[in-house]
Number of protein chains: 2
Amino acid sequence: MGMGTAGTSGGAVEGEKAALMAAIGPDLAAIEQAMHDDLAMFAGETDALLAEVLRYGLFNGGKRIRPLLTLLCCRLCGGRNIEVASLAIAFEYLHCATLFHDDVIDKAVTRRGRSAVNVAYSETAAILAGDFLHARSMLLIGRGGGIPALEIFCQATTAMVDGEFLQLHNASNNNLAEGEYFAVIMGKTARLIGAACEIGALFAGADSAARQALCNYGLRLGCAFQIIDDLLDYLGDEASTGKSVGNDFREGKMTLPLIIAISRAEDKDRERLLTMLSSVEERNSGFAEAKGLIARYDGFALSRQKAETIIGEALGQLHIFDQAEILQEKAVLAGLADYVLNRNK
Amino acid sequence: MGMGTAGTSGGAVEGEKAALMAAIGPDLAAIEQAMHDDLAMFAGETDALLAEVLRYGLFNGGKRIRPLLTLLCCRLCGGRNIEVASLAIAFEYLHCATLFHDDVIDKAVTRRGRSAVNVAYSETAAILAGDFLHARSMLLIGRGGGIPALEIFCQATTAMVDGEFLQLHNASNNNLAEGEYFAVIMGKTARLIGAACEIGALFAGADSAARQALCNYGLRLGCAFQIIDDLLDYLGDEASTGKSVGNDFREGKMTLPLIIAISRAEDKDRERLLTMLSSVEERNSGFAEAKGLIARYDGFALSRQKAETIIGEALGQLHIFDQAEILQEKAVLAGLADYVLNRNK
């Protein structure tokens, strides 16, 4: 597997992806197993419907990137204790809890091509099951990683809420600066991914330089992940993403391509974009026009460039890990960075 | 102050209440201070709107019974460390998080005589602020009490969700047994109060007998508290409770007075109650009639008797605490038990 040159394309990407999937297969299996084991442990003591909702919401075809990062970063720092999986799944629990609550907030109907929990069951079930996973995730982190891990985890969690609030404000601010966008995606997405990496290192007993490097890697991976996610909301292929495009524009969400276009557009086009954003009707009908205007001012290309730069910085964090016995883990982390850039769903 | 003879009434109650309030005044002040200090600590780092929502939702005239119990139980076990307040407030945080989410679930408009968070701000704000408090509470518990405290706290939290799910089921079961009602209120209310007491003891370094006794005291106090709450939903004075009566019946919620009445009623009256419960219209219009039927079969009197018995059991747990220097704390815990029975709001 290559070291993840940003921007690789075509057949090479497919080959790298296959190699990456083969390399992470055993880890993904260990994560699924740990989740099933944990669910079996508490399912006997909880309400049957709650267990059903959790099973439905957790085994949803998720990519398990967060717990995977915990496993990889733990091994990268020399940790060989398999027990890390039962701590790592806390990141998937918290992620899913966030999805449950987000889908209630957004009144989402589908998630990954099937009914969202709030629709398949109820809003009540989605809120409560999210709360359950929230509590369970904290317990697993505390048990597995002690108070230092709990501190990191809780700071990431509160940052997520903070990021969501920031996004609420920003939705009514059509002259958003890039810095404000990055503050939102740091809180909403990157902090938890940074925490997943850092706690893996912590579990392995890594020194603070290694912990910080992996936290930085995760933060950058998370930011790039979110930028690409926001790009796919404009440019994605609905068939492969399983998501409809144009949601962010319809909701007036200020993501990077739009922010860049507004900052670079000529007066007339800027006015046009701002007018569209200020009207629910125009946002609903004007997606194609907005997409055209964003493309005219390189909003998509420059966003992608930004993601590539950030992924380059993420890869830069891995340089200190150079022992022969961890080259495989290092290659997978590099491959994941590459995957984030080249994913189409 | 008396030792809380169940059922005391009239002027004696007012006198005892005044003595109780005087005894707990300094503790309540310490709790408010700890909450303000904590909020000030994180308000600088969080979104301004989030901080505003938290301030609105937390300083809501709540009675602070849960953190108060932590402080009292800590001192009852010989703990004199004032730092317990910064751990105790986690119970108020979690309680408030639950209220935020419950009000979203129930589409409640008011809480304690003013707009609920979901109305004063938004459902989104209520869900997210609840999540924030949830995470913050876990962090405070872990920091102050270590992993053993986190275990107790998380088990109570997950039990709360479990109790809510159980209640969802029970809402469609008009032939509920008392045991199922108690399973709901244990999870929904009593477990967290038991945990507040137990963690206070744990913080003081109490032995397992003392921890268990105070956990049992808290569980019983919580059960009685909920029974009285459910009674007030039928018999309360709207002016003093600040809550409208009849909500539980309108929602078809099977609480103890109704369960007892259905189990004791003659066929004709039982059929009538079940018919009313099965129709939204009848539930909306038939509160007075239902109240009359419940009274006819002593549903209210027997519920109250049950609460009195349980409070007696709670007081029984305090017998092992007999050192002279903790008589004040013991008297306050007994007074709180008495207060739970005699409160009218």
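The values are calculated or read from the model by the stated rules, or taken from the named source; none is laboratory data. Predicted, not measured: the structure shown is a model, and the values here were computed from it. Don't worry about glycine lacking a Cβ; one is built from the backbone with ideal geometry, like all the others, and counts go over all protein chains shown.
Annotations
- Of all the numbered requirements in (1) over 30 Å from A:D207 (Cα atoms); (2) more than 8 Å from chain B (Cβ to nearest Cβ); (3) surrounded by fewer than 22 Cβ atoms within 10 Å (Cβ to Cβ); (4) without any contact (Cβ under 8 Å) to a residue 60 or more places away in the chain, A:H169 misses one, and that requirement is (2).
- In the set (1) free of Cβ contacts under 8 Å to residues at least 40 places away in the same chain; (2) facing chain B (nearest Cβ under 7 Å); (3) more than 18 Å from B:A90 (Cβ to Cβ), A:A108 fails one condition alone, (2).
- The set of residues in segment B:69-83 that are surrounded by fewer than 24 Cβ atoms within 10 Å (Cβ to Cβ), touching a residue at least 24 places away in the same chain (Cβ under 8 Å) and on the phi < 0 side of the Ramachandran plot comprises B:R75, B:C77, B:G79, B:N81, B:I82, B:E83.
- Tally, over segment A:111-126, of residues that are on the phi > 0 side of the Ramachandran plot and at the interface with chain B (Cβ under 10 Å from one of its Cβ atoms): 0
- Condition met for B:I199 (aliphatic (A, V, I, L, M), within 28 Å of B:A290 (Cα to Cα), touching a helix residue (DSSP H, G or I) at 6+ places or on another chain (Cβ under 6 Å) and buried (at least 24 other Cβ atoms within 10 Å of the Cβ)): no
- Matching residues in segment A:36-51 - criterion: being at the interface with chain B (Cβ under 10 Å from one of its Cβ atoms) and among the charged types (D, E, K, R): A:E45, A:D47
- Checked against the criteria, B:A34 counts as over 17 Å from the mean Cα position of the chain (by Cα), crowded, with 20+ Cβ neighbours inside 10 Å, closer than 27 Å to B:Y339 by Cα and of a type in the set (A, V, I, L, M).
- Subset of segment A:183-233 (residues that are within 16 Å of A:G79 (Cβ to Cβ) and of a type in the set (K, R)): A:R211
- Test: residue in segment A:262-269 that is in a helix (DSSP H, G or I), touching a Phe, Trp or Tyr at 6+ places or on another chain (Cβ under 8 Å), of a type in the set (A, V, I, L, M) and over 18 Å from A:V184 (Cα atoms): no
- Flag if A:A190 is within 30 Å of B:P148 (Cβ to Cβ), buried (at least 23 other Cβ atoms within 10 Å of the Cβ) and aliphatic (A, V, I, L, M): no
- Test: residue in segment B:154-165 that is surrounded by fewer than 23 Cβ atoms within 10 Å (Cβ to Cβ), on the phi < 0 side of the Ramachandran plot and over 20 Å from the mean Cα position of the chain (by Cα): no
- Residue count for segment A:61-89 under the criterion of being at pLDDT below 95, within 14 Å of the chain's Cα centre (by Cα) and under 18 Å from A:R136 (Cβ atoms): the result is 1.
- Qualifying residues in segment A:303-345 (those that are at pLDDT below 95 and outside any helix (DSSP H, G or I)) - the one farthest from A:D229 (Cα to Cα): A:Q323
- Applying the criterion of being small (G, A, S) and without any contact (Cβ under 8 Å) to a residue 40 or more places away in the chain to the residues of segment A:141-153, the residue that is farthest from the other protein chains (Cβ to nearest Cβ) is A:G146.
- Among the residues of segment A:90-112, the ones that are among the hydrophobic types (A, V, I, L, M, F, W, C) and over 15 Å from the mean Cα position of the chain (by Cα) come to 4 in all.
- Picking from residues in segment B:127-140 that are more than 7 Å from every other protein chain (Cβ to nearest Cβ) and without any contact (Cβ under 8 Å) to a residue 60 or more places away in the chain, the one that is surrounded by the fewest Cβ atoms within 10 Å (Cβ to Cβ) is B:S137.
- Odd one out for A:L94, checked against (1) farther than 22 Å from A:E164 by Cα; (2) in contact (Cβ under 8 Å) with a residue 12 or more places away in the chain: (1)
- Residues of segment B:92-148 satisfying the condition of being among the β-branched types (V, I, T), in contact with a Lys or Arg (Cβ under 8 Å, 6 or more places away or on another chain) and more than 16 Å from A:I105 (Cα to Cα): B:I147
- In segment A:172-199, residue farthest from A:K330 (Cα to Cα) [restricted to those that are in contact with a Lys or Arg (Cβ under 8 Å, 6 or more places away or on another chain) and more than 14 Å from chain B (Cβ to nearest Cβ)]: A:A190
- Among the residues listed as B:A156, B:A204, the single one being within 14 Å of chain A (Cβ to nearest Cβ), of a type outside the set (K, R) and in contact (Cβ under 8 Å) with a residue 12 or more places away in the chain: B:A156
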